[in-house]
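Written below as structure tokens is the structure these notes are about.
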Amino acid sequence: MSTTHSAYKPGTAPIKAEFLVPSWPARSGSLQGENAATASAESCDTSVAQGQVETASYQIADGATTEMPKQDTSTGTLSAEAEPKRKRARGQNKGRQFARMDDDIALCANLAKGRVCEFADTCKFSHDLCAYLTHKPRDIPFIAPPADKDRVQQMNESERSAYLDALYAQAVASETPGPTEAASDPIQHSLRDDTQCPYFRERGACPIGWKCRFLGAHVRRVSPSKAVVGDEAQGMLQTGLELVVDDARYAAYLHRPSLFAHRQHADNDEVNWLPPGVARSLRTKKYVYEKAPVIVSTLQQESQALQAMPPSEAASTSLGKGPLRVNYALAKTEAELSAALPRDASPDTLEAYEDALRNARDGSDAAADTARVRPSEKRRLRWHGDLYLAPLTTTGNLPFRRLCASFGSDIHCGEMGMAEAFTQGHASEWSLVRRWEGERIFGTQICGAKPDFLVPAAEVLAREVGAGLDFVDVNCGCPIDLVYNKGAGSALLDHVSKLGRIVRGMSEALGEIPLTIKLRTGTTAKLTTHKIFARAQTEWGVGGITLHGRSRKQRYKNDANWDYIRTCADTLRESVRTWNEESRHADEPEMAPIPIYGNGDVYGWRDYEAHMTEAHVDGTMIARGALIKPWIFTEIKERRDWDISSRERLDMVRQFASYGLTHWGADTQGINTTRRFLCEMLSFTHRYVPLGVLEHVPVRMNDRPPPFEGRDPLETLLSSPSAQDWTRIADMFLGPAPDNWRFTPKHKSNSFDDASESQG
């Protein structure tokens, strides 16, 4: 493939002429070879008589309306000279809602798992298993690779070819369902023997039980049901069926090797579960913080002392720099003395109280110095060359991170959570810290405007799930108005002193867990972040730092400024060198520079290597590049341009679906939650332009392709910008979507406008 750029037009992906088409169809053609023009005509519902010419409008995924070019109905082709006129919408679909999908009959959860319900007749859910199975939709067909091989790259050539052929055959079959046979047993009618349950395949047991939409994979027929043979029916509750457990596989799963020696739930591959009762104590404001109140009070006292100083003295003082000096013992004693002091205390009692306070404060400086967490006591982040998957709103969920890990990502950071929501015990926020046990390095990102919110959140994270966190990241780059207007995210870039208090306070509350920060170049075109780099490690004790090479005003437009990233990296390392050379630090351990990561426009291994060399960074954080092609991590590690086939991409979709089902559940609700997030992923992966249709490589991330068709019908389908097609792809693995299920894409603007989900 040629690498010349002679015909390159900035902003436009160079598609080979033979793959260009006049317009994107509203719905891609059949996988059996229906062409785009025919698909366009059918999906637009154009009502024309023979020989007439009409136009039709349709809405594609981004919310833009496209007028179809004139069509010659005698040939069924698009007019060559007609150009589609597209009225582009802007902004986001901010009112998106996704309805909860449940079964027609709400089956008791205990009964569904094959257990006896402790509530018996008082249970508000149904115990009529036969009625439930009678109304249960037919099992979903699901194909998976051999049990010991989760990715096609782990197979030999013959295994890979046979598996991908079978996977494609299932995809075709899902679009052309055969006739439905009359059920001889209405209670057992939903079972399929040719399906595989992701849970059962991986673990040897399915925790969803009777509610699983792949029930045929882990149930045994022991007789006809009572609908056929009456009281002679066997099995559970006369269904003629019994749930199956593969004892050997389940035992192997329970004793599997893990990064976590003491798992909270051996029968689950996820960690960082909030202990029982903690969420309730947070919601009811009964959670007892041991550190946060003292830390916040100490920060306030420091701030007041600095404000009282002349500017020259404040600049040279050690106050507000270095590890926070907190005396927890003194604070506890003061609280106890205050609680014991009567409201109507006599003068003698008040004098005794003041004497006791003075005695307690004697030697308090030494106690505070002993209590503080020194840099040497923090776990050091030794990142260099490790591939960092950025924290991504909505799409950075656990199944997607697990998918990226399978392609070679090393460092993961969970989706951004709000500090206040953590301290209020919101289940949705605490789900963001959930970690798959195979994630080698994992942290969570937190956002807030004040130490009063962030320090308590840091303490509860460290105390309740700290064993499963390798670091905690503070978001100082989110450009969203809702966050910025509250003083959080990128608003902190303009309040450096407050940011310093937040970092030092959170670092103290986290104990040995390192604290990292993610920044932008500034809030406006003025570059200001190098001033933060000069202080981040030497004054605040940050354990790692990432810089997105754009300002808040730029959001995700224009190119990332990697020259400025280099300036900031050099600034931090110079500040460390200066600190080590100062005589006042002669007795302290030598400070080693923390990992510095750059972020922005990494779309291939060439981008990665160029930035590593030229920007003086320890690594790059990858956001949109991973959203568009999750296999970018393989490309970087193997230094190659991977012309991934459409069937390999289809298996990637299967992989995400499998991970989603074992995370959100294989029941009706879990399947449709997986469907929603699979469509969210496809809203980015469809932007990938296959290498085989390009005139040259590499291409830039923001290059938009004109309408094109792929090298085969499946590649065309996977490249479609239509939400209808994303749902079609999801249906191949999750069964037909319910009639009332709809997916509304987040972005109205053209799919190739940089509307990344990345935070900051």
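Quick look at the values:
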quantity	calculated
Residues within segment 187-204 that are in contact with a His (Cβ under 8 Å, 6 or more places away or on another chain) and open to solvent by 20 Å² or more (accessible area, probe 1.4 Å), tallied	1
Residue in segment 592-612 that is open to solvent by 30 Å² or more (accessible area, probe 1.4 Å) and of a type in the set (Val, Ile, Thr) present	no
The listed residue being of a type in the set (D, E, K, R), at pLDDT 95 or above and either open to solvent by less than 70 Å² (accessible area, probe 1.4 Å) or farther than 18 Å from Phe471 by Cβ (or both), out of Lys553, Lys557, Lys518	Lys518
Residues satisfying the stated conditions in segment 137-165, i.e. exposed (fewer than 13 other Cβ atoms within 10 Å of the Cβ), under 23 Å from Cys212 (Cβ atoms) and of a type in the set (A, V, I, L, M)	Ala147
Filter result for Val244 (under 25 Å from His127 (Cβ atoms) and in contact with a His (Cβ under 6 Å, 6 or more places away or on another chain))	yes
Close pairs from segment 213-236: first basic (Lys, Arg), partner open to solvent by less than 30 Å² (accessible area, probe 1.4 Å) and part of a helix (DSSP H, G or I), Cβ under 8 Å, at least 6 apart	Arg213/Thr668; Arg213/Ile671; Lys226/Cys130
One residue from Ser258, Ser184 being open to solvent by 70 Å² or more (accessible area, probe 1.4 Å), among the hydroxyl-bearing types (Ser, Thr, Tyr), more than 26 Å from Ala166 (Cα to Cα) and part of a loop (DSSP other than H, G, I, E, B)	Ser184
Given (1) within 28 Å of Leu492 (Cα to Cα); (2) of a type outside the set (Asp, Glu); (3) open to solvent by less than 10 Å² (accessible area, probe 1.4 Å); (4) more than 10 Å from the chain's Cα centre (by Cα), number of the condition Trp430 does not satisfy	(3)
Residue count for segment 16-29, restricted to those that are at pLDDT below 85 and open to solvent by 30 Å² or more (accessible area, probe 1.4 Å)	1
Condition check for Gly443: on the phi < 0 side of the Ramachandran plot, under 19 Å from the mean Cα position of the chain (by Cα) and crowded, with 24+ Cβ neighbours inside 10 Å	yes
Residue, surrounded by the most Cβ atoms within 10 Å (Cβ to Cβ), within segment 84-110, restricted to residues that are at pLDDT 90 or above and in contact with a strand residue (DSSP E or B) (Cβ under 8 Å, 6 or more places away or on another chain)	Leu107
Residue satisfying all of: in segment 490-499; within 17 Å of Leu547 (Cβ to Cβ) and of a type outside the set (A, V, I, L, M); most open to solvent (accessible area, probe 1.4 Å) among these	Asp494
Residue match in segment 551-565 (condition: part of a strand (DSSP E or B), in contact with a strand residue (DSSP E or B) (Cβ under 6 Å, 6 or more places away or on another chain) and not assigned by the TED database to the domain that holds Arg700)	no
Every residue from segment 465-489 that is out of contact with any helix residue (DSSP H, G or I) (no Cβ under 6 Å at 6 or more places or on another chain), surrounded by 21 or more Cβ atoms within 10 Å (Cβ to Cβ) and assigned to a helix (DSSP H, G or I)	Gly468
Residue within segment 275-287 that is open to solvent by 60 Å² or more (accessible area, probe 1.4 Å), more than 24 Å from the chain's Cα centre (by Cα) and touching a residue at least 12 places away in the same chain (Cβ under 8 Å) present	yes
Breaking point among (1) modelled with pLDDT of 90 or more; (2) more than 37 Å from the chain's Cα centre (by Cα); (3) among the small types (Gly, Ala, Ser), for Ala252	(2)
Conditions (1) open to solvent by 30 Å² or more (accessible area, probe 1.4 Å); (2) among the β-branched types (Val, Ile, Thr); (3) modelled with pLDDT under 90: number failed by Thr134	(3)
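Conditions (1) under 30 Å from Pro589 (Cβ atoms); (2) in contact with a Lys or Arg (Cβ under 8 Å, 6 or more places away or on another chain); (3) open to solvent by 10 Å² or more (accessible area, probe 1.4 Å), marked per residue:
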position	(1), (2), (3)
Arg501	yes, no, yes
Met506	yes, no, no
Thr529	yes, yes, no
Gly544	yes, no, no
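The values are calculated or read from the model by the stated rules, or taken from the named source; none is laboratory data. Predicted model only: the values in this text are computed from it and were never measured. Backbone-built Cβ (ideal geometry, glycine too); neighbour counts: all protein chains shown. The accessibility values were calculated without ligands, DNA or RNA, using every heavy atom of the protein model including side chains. Shrake-Rupley method; radii C 1.70, N 1.55, O 1.52, S 1.80 Å.
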